[in-house]
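A short write-up of the structure that comes next.
The values are calculated or read from the model by the stated rules, or taken from the named source; none is laboratory data. Note that the coordinates shown come from a computational prediction; the quantities given were computed from them, not determined experimentally. Neighbour counts run over all protein chains shown; Cβ positions are idealised from the backbone, glycine included.
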Amino acid sequence: MRTYLNLIFFVVLSSLLFACTPDHIPADLIIKGGTIYTSSKVTPEVEAVAVAGDRILYAGTEKEAMNHKTENTEIIDLAGTTMTPGFIESHGHFMGLGYNELNLDLMDVASYEELVSRVKEAVVQARPGEWITGRGWHQSKWQAMPDTVVKGFQTHHKLSEISPDNPVYLRHASGHAGFANARAMELAGVNPMSVESLMEETEGGEIIRDNLGNPTGIFNERAQGLITRHIPESTPEKDKQALLLAIEACQRNGITSFHDAGVGGATIELYKQAKAEGQLGTRLYVMISGPDRQLTKDWLTQGPETDTTQHLLTIRSIKLNCDGALGSRGAWLLAEYTDRPGHFGHETLPMDYVEEIGIQALEKGFQVCSHAIGDRANREVLDRYEAAFKARPDKTADHRFRIEHAQHIDPADIPRFAQLGVIPAMQAIHMSSDRPWAIDRLGEKRIVEGAYVWQKLLQSGAVVINGTDVPVEPINPLASFYASVSRKTLKGEPREGYEPDQKMTREQALLSYTLHAAFGAFEENIKGSIEAGKLADFTVFNKNIMEVPEDQLLQTEVVMTILGGKVVFEK
């Protein structure tokens, strides 16, 4: 009897073991019936994907995938659409994305008059004395400039006339400048008599003044703090609302992971709370705001937090803001601005601090991500990174330090990215939006030799990653993908694209949004390609983005977003 029971036990155990081998693990989800690009060199395209839990179980032929089907398996038929790995936003501002949907969105205003009209509507709805805030205006994108212009910017007078009692502050699309009305400046104590006394407080920035010394309402770079410190802090309820709106926006746009470029301690706590409550529907890779020295010191003491279970919230990098933006003439240049002689932009953070943080970050296991747009800023940051690497050569094997934007680089510095192992985190959509007017800032020679040089960086061996810098640009990844492969404006101009030799191939563009983007956050082993064992994050498009004619890319839509094997958005 004992022998018989042992035999039964052996048979049952063997059956269980056999059932649990990889070929027989049941799938919770099987996706088939369309074109599936994997971003994998081994198998670039597959017929079907099987998912168990939040992981990819199998990617390959439909026949083999269906071997994992059970009566409980959900089947998604792509019906001829196209699926890729979940798109990764490599540089954006998550809460800015959410708040852009709550405050005045000025991205599409075509003139100063239209901006004033938008604010006038908000004034009617606002309470007396309530601050009116917004973001997105860009004077170089307007169809025409106003009659009165100082140093390339409008003046506050029309804005002040329609809002005499409500303080107004409108951030430039780049976030590197702001526009205040008279009431806001009055509350901040900014007037012709005070401008000189505020010089020390605006080091690394500028209050734009007219010929008589009157402030025009434009505050560049660090000078913005003179106004923003007076804007009432948000409420926890509004912060939570903005967070949820940002998650929804990511899901609608096929973004499954988001590199959040510089946040404070309160925002990190908000993210942790959302994760604990099961509401964090986008994977976040967070950069600590480096200019907040106490926060940075605290995290360097504590060390990184890497989410190795749910992979929803990882904090292991430090963002340093080293210069301004080209649109506001704050980008730090080696030679003066073509359209503002004698002006070189702004060094917005001491370079010694960049080197100091670089050394400490290497010691503590943090990545450093430095904002640098101008060629002087890019050179200085590369120099400081190199100095840090030489100071701690034992810690540089896999540092993956980044330069955010890397927008305008002196030709001598282009090969240094690959040589030093520095990742250029670029936003192709900036070329599309900025190139028509950027030539006025830099001149043709500098534009051709070193601006938006994706192919030069790729050919030198650098890993280029992509994004939108939302809310500077809309989060739509298809616009940035289109800009990557066409180098045209969103109106399709010029016909051959700007500096067409710098176009990415479609394969390079897809990698910049998937596997290479994952590499930029040390996450290429868990995401970024459709391979067994990786997270089941996918984006589904209604058209084949790798094959449709170029002019159809902007008509392509995200029709489904899958995060961890769960459909979180379906059109």
Does LEU57 meet the test of being modelled with pLDDT of 95 or more, aliphatic (A, V, I, L, M) and buried (at least 17 other Cβ atoms within 10 Å of the Cβ)?
yes
For ARG495, the lone unmet condition from (1) surrounded by fewer than 17 Cβ atoms within 10 Å (Cβ to Cβ); (2) part of a helix (DSSP H, G or I) is (2)
Take THR539 and decide whether it is among the β-branched types (Val, Ile, Thr), assigned to a strand (DSSP E or B) and either closer than 30 Å to VAL368 by Cβ or touching a Cys at 6+ places or on another chain (Cβ under 6 Å) (or both).
yes
Output yes when any residue across segment 169-188 is assigned to a helix (DSSP H, G or I), free of Cβ contacts under 8 Å to residues at least 40 places away in the same chain, touching a helix residue (DSSP H, G or I) at 6+ places or on another chain (Cβ under 7 Å) and under 26 Å from MET95 (Cα atoms), and no when none is.
no
If you check THR539, THR514, which single one turns out to be within 30 Å of PRO26 (Cα to Cα), touching a residue at least 40 places away in the same chain (Cβ under 8 Å), of a type outside the set (Lys, Arg) and not assigned by TED's automatic domain parsing to the domain that holds ILE36?
THR514
Please count how many residues of segment 352-391 are surrounded by fewer than 18 Cβ atoms within 10 Å (Cβ to Cβ) and within 30 Å of ILE439 (Cβ to Cβ).
1
Quick one: how many residues across segment 527-559 are among the aliphatic types (A, V, I, L, M) and either at pLDDT below 95 or touching a Gly at 6+ places or on another chain (Cβ under 8 Å) (or both)?
4
Against the condition touching a Ser or Thr at 6+ places or on another chain (Cβ under 6 Å) and hydroxyl-bearing (Ser, Thr, Tyr), how does SER460 come out, does it pass?
no
Any chance SER486 is among the hydroxyl-bearing types (Ser, Thr, Tyr), farther than 30 Å from ILE439 by Cβ and in contact (Cβ under 8 Å) with a residue 60 or more places away in the chain:
no
Find all pairs meeting these conditions: Cβ atoms under 6 angstrom apart; at least six residues apart or on different chains; first residue within segment 213-241 and under 19 Å from MET95 (Cα atoms); second residue assigned to a helix (DSSP H, G or I).
ASP239/LEU270
Between a residue in segment 322-334 that is touching a residue at least 60 places away in the same chain (Cβ under 8 Å) and any residue that is assigned to a loop (DSSP other than H, G, I, E, B) and hydroxyl-bearing (Ser, Thr, Tyr), which pairs come within a Cβ distance under 9 Å, given they are 6 or more apart or on different chains?
GLY324/SER174; GLY324/THR348; ALA325/SER174; LEU326/SER174; GLY327/SER174; SER328/SER174; GLY330/SER174; GLY330/THR348
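Answer yes or no as to whether GLY565 is at negative phi, modelled with pLDDT of 95 or more, buried (at least 21 other Cβ atoms within 10 Å of the Cβ) and small (Gly, Ala, Ser).
Working: at negative phi: no; modelled with pLDDT of 95 or more: yes; buried (at least 21 other Cβ atoms within 10 Å of the Cβ): yes; small (Gly, Ala, Ser): yes.
Taking the combined requirement at face value, the residue does not satisfy it.
Taking segment 434-450, which residues are buried (at least 23 other Cβ atoms within 10 Å of the Cβ) and of a type outside the set (D, E, K, R)? First the steps, then the outcome.
Here is the first cut: in segment 434-450, the ones buried (at least 23 other Cβ atoms within 10 Å of the Cβ) are 434, 438, 441-442.
The answer is ALA438, LEU442.
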Examine segment 409-419 for a residue that is crowded, with 24+ Cβ neighbours inside 10 Å and either over 22 Å from ILE315 (Cα atoms) or at pLDDT 95 or above (or both), and state whether such a residue exists.
yes
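Which of the residues belonging to segment 361-405 are more than 25 Å from MET431 (Cα to Cα) and within 24 Å of the chain's Cα centre (by Cα)?
To start, the set of residues in segment 361-405 that are more than 25 Å from MET431 (Cα to Cα) comprises 361-367, 383-399.
Answer for segment 361-405, where residues must be more than 25 Å from MET431 (Cα to Cα) and within 24 Å of the chain's Cα centre (by Cα): ALA361, LEU362, GLY365, PHE366, GLN367, ARG384, TYR385, ASP398, HIS399.
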For segment 284-304, give me the residue count where each residue is in contact with an Asp or Glu (Cβ under 8 Å, 6 or more places away or on another chain) and free of Cβ contacts under 8 Å to residues at least 60 places away in the same chain.
1
Spans of helices (runs of 4 or more DSSP H) in segment 63-163 with at least 3 residues under 30 Å from GLN508 (Cα atoms):
94-100
Does any residue in segment 500-511 that is small (Gly, Ala, Ser) come within less than 8 Å, Cβ to Cβ, of a residue that is buried (at least 21 other Cβ atoms within 10 Å of the Cβ) and not in a loop (DSSP other than H, G, I, E, B) six or more places away or on a different chain, and which pairs are these?
ALA509/ALA428; ALA509/PHE481; ALA509/SER484; ALA509/VAL485
Hits in segment 367-397 - residues which are touching a residue at least 24 places away in the same chain (Cβ under 8 Å) and in a loop (DSSP other than H, G, I, E, B):
ILE373, GLY374, ARG392, THR396
Condition first: closer than 30 Å to ILE36 by Cα, among the polar types (S, T, N, Q) and surrounded by 18 or more Cβ atoms within 10 Å (Cβ to Cβ). Can you find one or more residues in segment 90-107 that meet it?
yes
Cβ-Cβ below 6 Å, separation at least six or inter-chain, first residue in segment 65-78 and over 16 Å from THR561 (Cα atoms), second among the small types (Gly, Ala, Ser) and part of a strand (DSSP E or B): which pairs?
ALA65/ALA48; ALA65/ALA50; HIS68/ALA50
